[in-house]
Amino acid sequence: MMMASDLLGGAGADALVSRRLFLKASSAAGGALLLGFDLLADVDRAVAAEQETFEPNAFVRVGRDGRVKIIVPYVEMGQGNYTTIPMLVAEELEVPLDAVDAEHAPPNEKLYGNPLLGGVQATGGSTATRAVWKPLREAGAAARTMLVAAAAQRWSVAPSSCKAQDGEVVHPGTGRRLTYGALVEAASAQPVPQSVELKRPEDFKLIGTSAKRLDAPAKVSGKAVYGIDVRLPNLKIATLAQSPVFGGRLKSVDDTKAKAVKGVRQIVRLDDCVAVVADHMGAAKKGLEALDIEWDDGSHRNLETADIQRELEEATLKRGAVAKEVGDVAKALETAARKVDATYQVPFLAHATMEPMNCTVHVRPDACEVWVGNQVIARAQAAAAAVTGLPLEKVAIHNHLIGGGFGRRLEVDGVTRAVQIAKLVDGPVKVIWTREEDIQHDMYRPFFLDRISAGLDGSGAVIAWRHHFAGSSILSRWLPPAFQNGLDPETIDGAANIIYGLPNFRLEYSRVEPPGIPTAFWRSVGPSHNIFVVESFIDELAAAAKKDPVSFRLSLLDHQPRAKTVLALAAEKSGWGTPLPERRGRGVSVQFVFGTYMAQVAEVEVTNDGSVRVRKVVCAVDCGTAINPDVVEAQVQGAVMFGISAALYGEISLKNGRVEQGNFDTYQVLRLNEAPTVEVHIVKNNEPPGGMGEPGTSAVVPAVSNAIYAATSIRLRRMPIDASALVNK
Amino acid sequence: MTTSLRINGTEHLVDVDDDTPLLWVLRDVLGMTGTKFGCGAALCGACTVHIDGAPTRSCITPVNGATGAEISTIEGIGTTEIGKKVQNAWLQNEVVQCGYCQSGQIMSAVALLTNNPHPTDADIDEAMSGNICRCGTYMRIRDAIKLAIDGHRG
Ligand code: FES
Ligand code: FES
């Protein structure tokens, strides 16, 4: 696929920035993104005789052949962005979806920054659909308005007497029609509308339909090109060994044997890494295995997971930053008829994206090119510039399809590493991480430890809730301004904005950055931890109050009608309350995160040897407008499998400073033979769309854990599930 | 040394060490990047190809073990009747998400249906449990295999 950066030419994007703004920021959510709508038609451009495309703004290109290119500011990682985002534009532009091609946006934060992620050009946090919902429809509507005006001018009729449909402007009065392709030049000469009218939901033709995914055909025929598939003349392949202890250094390396391997061309030594450059990955791997490397493990040489756990535990006994306080918790706890205390913890987790980390780089004296699949390409560009010392505009980033992101590719450590290696290589080099290297040098979902207490009154009502947890703050590193007064909104998401009505509530957070292990975003991030704790603990309270888990939750949701609806729906569809055989149980969870309401009921079976099989998950979801209901369903199904992988198996542990897991044998993930049936029920409404990439993951973990409690009366307060605790229970 | 490989009906000569995994010959030497790398240890199925019709993890198959055999990959599978049916079923069912595992999934599914046109659920579990999908498309893979069977019957 041709990259947008090629399309625009080297200076194109910058030139566009200087053009005037044409749509005013109209909502907080869309504001920053709308700054992108600056590129319109200055006169010289518009009247240029060789006008090949109509480019009304940063997102839409109409060609003379009538095909529409949509510059998608968010990358495709499997979440359907290359289908749902074009749907928004096509809806307003009145073109069929098969006339539309999607293209990656080039790195340019002014044009394509994500308003929901601090203006960083990033795809993550289930923000993509929410960030584009209004601006991209406006982009389509603006283009349509200009095309209609152009046709009306040519026919000397009023624009209001014309209408746009199926890639044409028609004048119903006289039956005249002009294709968009024929209007490219004339539309470019039209003034940019100061405001546009968006279609009413009842007039939507595409939004709300399960349009086919545009990226699917290339993905079933092996033709789709991911970062790892890049091919270039004289390309070399490299693989690497980085210091097995984070922060360690390379002491020495004997490469005699490696150099003798056929196809090995070069051994690259860095401070904390060795790479073998070869004709193909087979030779590079063989060469790597033949190296005799000695590491200086550095100060984290003795680090164990237990050390980190102890540190977090101690932190929760001190004072933390108060994230939220309502009423007087201490007093309410004193008067409670019953007090419940618990400690929860969740482990470090790797992303284990199916496509291992990789990045292809060509460093020349005066320029650098990078081929990669990344969720933050402007940062990738900056990283390459920093390593090479080149100015930004000398670094070209060619972004590619991503074989799984889950947060891993919101970081650019891989780009930095690949450029460090490529700097020492003559010609282009593709650096590929082995799976072991990918898992052992990930940036991990943080380990969190929680101390939580609640008080119930004589009738079983919750009168106090006190929660204090400790762990890493990713935002404090990733977007420092977002970390204030010891808090960031993401780490506490799902714990501070708890959906239940609680008269006395206190949440404290203690930021503890573990030594010797880097942390990063991971599908559903804050909520992946907080919803597990909150939804498990509320289940404990229901049990303590001797109430049914669903009705107990419902009684705390009077102020939350949308949450109530999804909870009741999931309960009904799952047959909540109907009898199950021995050692089977149902567990429930309900949440409001990423702008989406979701409830899940998981049905599990616990065998006598303690192993857990999740049979079925019923999910009710209210994500506002479901732009593409089939994509919503697919995202829930996938997120549920991802969460179950974590619940059953997910754990990264440290011993002697080294990550103990290495490949899919020691870092297991769910397989098809273990996969439950996932039923998704969508609540329809016209509210703005909520995020869908992540909620399914945070919701399923407590639902499964609560189901295990229902089946065995064993309450699991740490993940992953400890099968040995469930033997014969 | 020079090795001769027959891939999707075409002969190729490659000059690599005998023990080079077939995966890297396909991807890096011959530029056929449809077959994917996921683990390098026969744990994920992303690299699945057919060798004389048998689903095989190319990441641990030395290239000299494939000489003289008929190798088929995702690039050629659509030319077979069952391959086409499986790809169509995948599209009809909207199986793919990131898509990275799907070459391997499809190659495993085609091998299953070629050798066993009417697999039971247990047969499907058995044949497909070696292929990991991190995006969690398992339900749709199951359904697509069944759809391909029905199409086959019809
Ligand atoms: S790459 Fe061969 S099985 Fe994973
Ligand atoms: S579709 Fe992404 S790994 Fe299977």
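The values are calculated or read from the model by the stated rules, or taken from the named source; none is laboratory data. Only a predicted model underlies this, so the values are computations on that prediction, with no experimental measurement involved. Heads up, the Cβs are rebuilt from the backbone with ideal geometry, glycines too, and the neighbour counts pull from every protein chain shown.
Taking segment B:6-16 as the range and being free of Cβ contacts under 8 Å to residues at least 40 places away in the same chain and either at positive phi or of a type outside the set (Val, Ile, Thr) (or both) as the test, the residues that pass are B:GLU11, B:HIS12, B:LEU13, B:ASP15. Confirm whether A:ILE714 is of a type in the set (Val, Ile, Thr), assigned to a loop (DSSP other than H, G, I, E, B) and out of contact with any Cys (no Cβ under 6 Å at 6 or more places or on another chain). So A:ILE714 passes the test.
The C-beta contact set for segment A:547-558 (first residue buried (at least 16 other Cβ atoms within 10 Å of the Cβ), second residue at pLDDT 95 or above and acidic (Asp, Glu), distance under 9 angstrom, 6+ apart or interchain) comprises A:PRO549/A:ASP539; A:PHE552/A:ASP539; A:ARG553/A:GLU535; A:ARG553/A:ASP539. Being over 27 Å from A:MET354 (Cβ atoms) and without any contact (Cβ under 8 Å) to a residue 60 or more places away in the chain, is that true of even one residue in segment A:79-92? Checking segment A:79-92: at least one residue is over 27 Å from A:MET354 (Cβ atoms) and without any contact (Cβ under 8 Å) to a residue 60 or more places away in the chain.
Return the residue satisfying two criteria in turn: it lies in segment B:19-35 and is within 13 Å of ligand 1 (Cβ to nearest atom) and more than 8 Å from every other protein chain (Cβ to nearest Cβ), and of such residues it is surrounded by the fewest Cβ atoms within 10 Å (Cβ to Cβ).
Restricting to residues being within 13 Å of ligand 1 (Cβ to nearest atom) and more than 8 Å from every other protein chain (Cβ to nearest Cβ), the top hit is B:LEU26.
Considering only residues that are surrounded by fewer than 18 Cβ atoms within 10 Å (Cβ to Cβ), within 15 Å of ligand 2 (Cβ to nearest atom) and over 17 Å from the mean Cα position of the chain (by Cα), which ones fall in segment B:116-145?
Result: B:ASP143, single match.
All conditions in (1) within 12 Å of ligand 1 (Cβ to nearest atom); (2) part of a helix (DSSP H, G or I); (3) more than 10 Å from chain A (Cβ to nearest Cβ) hold for B:PRO55, with the sole exception of (2).
For segment A:242-273, the set of residues classified as under 23 Å from A:ASN656 (Cα atoms), surrounded by fewer than 22 Cβ atoms within 10 Å (Cβ to Cβ) and in contact with a Leu (Cβ under 8 Å, 6 or more places away or on another chain) consists of A:LEU250, A:VAL253, A:LEU270, A:ASP271, A:ASP272, A:CYS273, listed by residue number. On inspection, B:LEU5 does not qualify as more than 15 Å from ligand 1 (Cβ to nearest atom) and surrounded by fewer than 16 Cβ atoms within 10 Å (Cβ to Cβ). Within segment A:202-237, the set of residues being more than 7 Å from every other protein chain (Cβ to nearest Cβ), at pLDDT 95 or above and over 28 Å from the mean Cα position of the chain (by Cα) comprises A:LEU232, A:PRO233, A:ASN234, A:LEU235, A:LYS236. Of the residues examined, B:GLY76 is one that is of a type in the set (Gly, Ala, Ser), away from ligand 2 (no atom under 16 Å from the Cβ) and more than 20 Å from A:GLY263 (Cα to Cα). Within the span defined as segment A:74-82, one or more residues are outside any loop (DSSP other than H, G, I, E, B), more than 16 Å from ligand 1 (Cβ to nearest atom) and modelled with pLDDT of 75 or more.
Can you pull out the helices (runs of 4 or more DSSP H) entirely within segment B:81-154 that have at least 1 residues that are in contact (Cβ under 8 Å) with a residue 40 or more places away in the chain and out of contact with any helix residue (DSSP H, G or I) (no Cβ under 8 Å at 6 or more places or on another chain)?
B:102-115, B:138-153
Being without any contact (Cβ under 8 Å) to a residue 40 or more places away in the chain, away from ligand 2 (no atom under 16 Å from the Cβ) and over 15 Å from the mean Cα position of the chain (by Cα): is that true of B:THR56 here? In short, no. Per the listing B:GLY45, B:GLY78, B:GLY38, B:GLY104, the residue uniquely within 7 Å of chain A (Cβ to nearest Cβ) and within 16 Å of ligand 1 (Cβ to nearest atom) is B:GLY38.
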